[in-house]
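Right, one structure below, let's go through it.
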Amino acid sequence: QHTRNVQLSLQEYLQNQGFEICLAYDGVEAMEIFHAGGIDLILLDIMMPNMDGYEVCRRIKAKEDWADIPVIFLTANTQTENLVEGFNVGGVDYITKPFRREELWVRVSTHLELAESRRTIIEMNRSRDRLYSIIAHDIRSPLSGILQTLEAIDKGYIGLNGDELREIIKLLGERTKETSTLLNSLLQWTRIQ
């Protein structure tokens with residue numbers, strides 16, 4: 001009954017702070033909630049019936065879709081010596097019971113912000129990688145054309161009379177300038193980033 005009172009108190013306080021809360025009374029029920037999706041942060045009691053918090057955390061971190069969800073352990077003062085285990089299984093922080101509401105709010109808010117920042121960085125890295133792939137393709141095309149033209153000249157497929165040579169040199173110059181401009185833009189963008 002005490003545990004339920006603590007949970008209801010947590011739920012009421014966090015809802016009043018504008019958070020949406022899903023409440024589970026044991027590890028099995030918690031796993032069912034995670035399967036439903038939409039969880040941004042987990043407050044996890046170490047001592048729970050059926051499955052303790054460590055095991056729940058292990059299972060969460062074993063799933064690729066859930067691995068990045070921050071887990072904050074709730075623990076009694078007498079359990080603090082076991083917190084290393086909580087960090088070893090993937091927890092990011094802990095709050096001792098009885099907890100202070102201001103501390104709870106700060107820790108929850110901080111870890112939600114950190115998780116959002118991490119997601120933003122990951123997405124930025126994916127965008128950067130896509131950009132690099134496009135740029136590599138855009139650089140490869142003109143370079144390939146330049147190399148093919150030079151190879152054709154070397155093998156004698158293209159005659160080198162005055163007008164033809166001037167036209168080829170002009171074309172090679174244009175392609176080289178395009179490629180150089182693209183590379184300079186990439187270097188400038190990289191410096192800005």
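The values are calculated or read from the model by the stated rules, or taken from the named source; none is laboratory data. Keep in mind it's a predicted model, so treat the numbers as computed, not measured. Cβ: placed from backbone, ideal geometry, glycine included. Neighbour counts: every protein chain shown. Just so you know, the surface numbers come from the protein's heavy atoms only, side chains and all, with ligands and any DNA or RNA stripped out. Shrake-Rupley method; radii C 1.70, N 1.55, O 1.52, S 1.80 Å.
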Only one of (1) assigned to a helix (DSSP H, G or I); (2) open to solvent by less than 90 Å² (accessible area, probe 1.4 Å); (3) over 30 Å from Leu43 (Cβ atoms); (4) aliphatic (A, V, I, L, M) fails for Val106. Which number is that?
(3)
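Every residue, every condition in (1) under 30 Å from Gln15 (Cβ atoms); (2) open to solvent by 70 Å² or more (accessible area, probe 1.4 Å), yes or no:
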| position | (1), (2) |
| --- | --- |
| Gly86 | yes, no |
| Thr110 | yes, no |
| Arg118 | yes, yes |
| Tyr132 | no, yes |
| Ile146 | no, no |
| Thr149 | no, no |
| Lys155 | no, yes |
| Asn161 | no, yes |
| Gly173 | no, no |
Listed residues Ile95, Ile72; which is without any contact (Cβ under 8 Å) to a residue 40 or more places away in the chain and surrounded by 17 or more Cβ atoms within 10 Å (Cβ to Cβ)?
Ile72
Could you list, in sequence order, all residues of region 2-36 that are within 20 Å of Ala115 (Cα to Cα), without any contact (Cβ under 8 Å) to a residue 24 or more places away in the chain and either open to solvent by less than 40 Å² (accessible area, probe 1.4 Å) or not in a helix (DSSP H, G or I) (or both)?
Gly18, Glu20, Ile21, Cys22, Ile33
Candidate set from region 37-66 (those that are part of a helix (DSSP H, G or I) and among the aliphatic types (A, V, I, L, M)); member that is farthest from Phe99 (Cα to Cα):
Ala62
